[in-house]
Amino acid sequence: MNSEDRSSTPRDPQRSSGALYVVATPIGNLADIGRRALDVLAGADLILAEDTRHSAKLLSHYGISTACRSFHEHNEARQVAQVVKRIADGAHVALICDAGTPLVSDPGFRLVAALREQGLAVIPVPGPSAAICALSVAGLPTDRFCFEGFLPSRSSARRRVLHTLAREPRTLIFYESPRRLLSAVADMAVEFGDARRAVLARELTKIHESVISGTLAELRDWLAAHAEQRRGECVIVVAGAARDSDDGLAGGVDPEALLRVLIEALPVKQAVAVAARVTGIKRNVLYRQALALAARGREDG
Ligand code: SAM
């Protein structure tokens with residue numbers, strides 16, 4: 001077990017052996033970087049960057065002239081042995097990605113695993129990550145959450161993955177490309193139900209930052225009507241499924257199926273009151289679900 005103080009920067013004379021510094025960089029606003037990250041980048045022997053041209057903007061903004069080499073998903077496997085050797089020989093290497101924290105839906109896993117295997121130092125220099133940034137402003141439960149990263153790009157595969165997540169009670173975090181944002185939200189509405197709460201966090205920390213919340217059906221319809229909101233980078237945060245004890249399933253009752261039957265026979269308010277008594281779920285939750293079901297019924301004719 002190595003309990004060495006990891007807070008030192010590469011030029012610290014106390015630290016003579018090599019190390020990989022995993023350095024988080026801004027996800028938009030260049031000011032979102034700490035003193036220690038800048039010191040590490042300036043003092044390193046080499047910076048491994050996903051896209052050297054992209055990172056040049058950040059590095060030149062802070063007057064950092066450390067040598068930079070490209071390190072991305074297509075050359076990571078090839079570069080690992082070489083980088084491990086350099087670090088074993090005493091080099092201080094910093095790993096950065098285009099935005100946020102390396103290894104979070106970004107390259108670096110193979111390199112970090114190889115260094116750990118060799119007992120070489122891997123030192124985190126923490127900072128922004130779009131997932132945590134979005135979660136922190138979503139207003140959805142944060143005590144437990146799962147990061148799902150990118151969904152498959154084809155709808156059939158995406159629907160299968162979403163289907164397996166439909167009963168997940170923890171808050172879900174997804175990354176999505178602007179091209180697939182609308183279809184991903186539409187598929188979520190199908191698999192999780194129209195009434196599930198969600199948040200679209202777009203262009204975080206940038207000029208056109210927006211954080212929009214609503215039900216999945218509302219967000220789908222809003223995105224369909226506003227093409228300009230489908231541009232830029234986006235994180236989708238989705239509320240977890242109601243827990244068994246809340247949703248009546250523990251008693252074998254599917255609240256959506258129950259509501260569907262009740263709203264055929266009763267006004268929505270009464271249907272909700274009956275369903276709330278049977279399932280123990282809060283009326284406002286059921287009311288939203290009933291309205292979504294009624295709207296779907298009208299669309300289907
Ligand atoms: N390593 C990064 C991190 O720590 O967040 C994530 C890299 S991943 C390749 C890029 C995805 O992160 C984007 O497609 C988008 O889903 C999300 N993302 C990155 N920057 C963002 C921002 N400023 N606003 C919203 N989402 C962002």
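The values are calculated or read from the model by the stated rules, or taken from the named source; none is laboratory data. In this text the structure is predicted, and so the values were computed from the model without any measurement. Counting neighbours? That spans all protein chains shown, and the Cβs are built from the backbone with ideal geometry, glycine included. When the accessible area is computed, the model is the full protein with side chains, heavy atoms only, and any ligands, DNA or RNA have been set aside. Shrake-Rupley method; radii C 1.70, N 1.55, O 1.52, S 1.80 Å.
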Checklist entry - Among all the lysines, which ones have a C-alpha under 19 Å from LYS57's C-alpha, if same-chain residues fewer than 8 places away are not counted? => result LYS206
Checklist entry - Once both labels are modelled 7 Å past Cα along the beta-carbon direction, what's the VAL161-ALA265 spacing in nm? => result 4.2
Checklist outcome for this item: Under 5 Å from the placed amide H of GLY28, counting only residues 5+ away or on other chains, we find none
Checklist outcome for this item: Between the alpha carbon centres of the range 111-187 and the range 61-105 the gap in Å comes to 23
Checklist entry - Normalised by the number of residues in the chain, what is the relative contact order in percent for Cα pairs under 8 Å and 6+ residues apart? => result 15
Item to check | Neighbourhood charge, 10 Å Cβ-Cβ cut-off, centred on ALA198 and excluding it, Lys, Arg +1 and Asp, Glu -1 | outcome: +2
Checklist outcome for this item: Note on the range 19-128: alpha-carbon gyration tensor, axes a ≥ b ≥ c; rule is a/c under 1.5 for rounded, else prolate if a/b larger than b/c, else oblate; result prolate
Checklist entry - Where is the GNM fluctuation largest for the chain (alpha-carbon springs, 10 angstrom cutoff): GLY43, GLY280, GLY240? => result GLY280
Checklist outcome for this item: With the 8 Å Cα cutoff and a minimum separation of six or more residues, the range 255-300 has a relative contact order in percent of 38
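GluC sites (Glu not before Pro), restricted to the range 147-219: which are DSSP loop and have at most 15 other Cβ atoms within 10 Å?
Answer in residue order: GLU209.
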Checklist outcome for this item: tail above 16 Å in the computed P(r) of the range 255-300, as % of all Cα-Cα pairs, reads 22
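With every protein chain left in place, what is the accessible area per residue of the chain in square angstrom, probe 1.4 Å?
52
Looking at the range 110-263 from every direction and averaging, what is the projected area of its Cα convex hull in nm²?
12.3
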Next on the checklist: Ignoring ligands, DNA and RNA, please state the percent of accessible area on the chain from carbon and sulfur, probe 1.4 Å.
Outcome noted: 51
Checklist outcome for this item: Quick P(r) readout (the range 148-199; Cα-Cα; 5 Å bins; whole %) gives 4, 21, 36, 29, 10, 0
Checklist entry - Points 7 angstrom from Cα along the Cβ direction at GLU209 and ARG86: gap in nanometres? => result 3.4
Next on the checklist: In Å, what Kirkwood hydrodynamic radius results for the chain from the alpha-carbon pair distances?
Outcome noted: 21.8
Checklist outcome for this item: With a Förster distance of 22 angstrom and the Cβ-Cβ distance between ILE132 and SER153, calculated FRET efficiency to the nearest 0.05 equals 0.35
Checklist entry - Of ARG86, ARG78, ARG180, which has the largest mean-square fluctuation in a 10 Å C-alpha GNM of the chain? => result ARG78
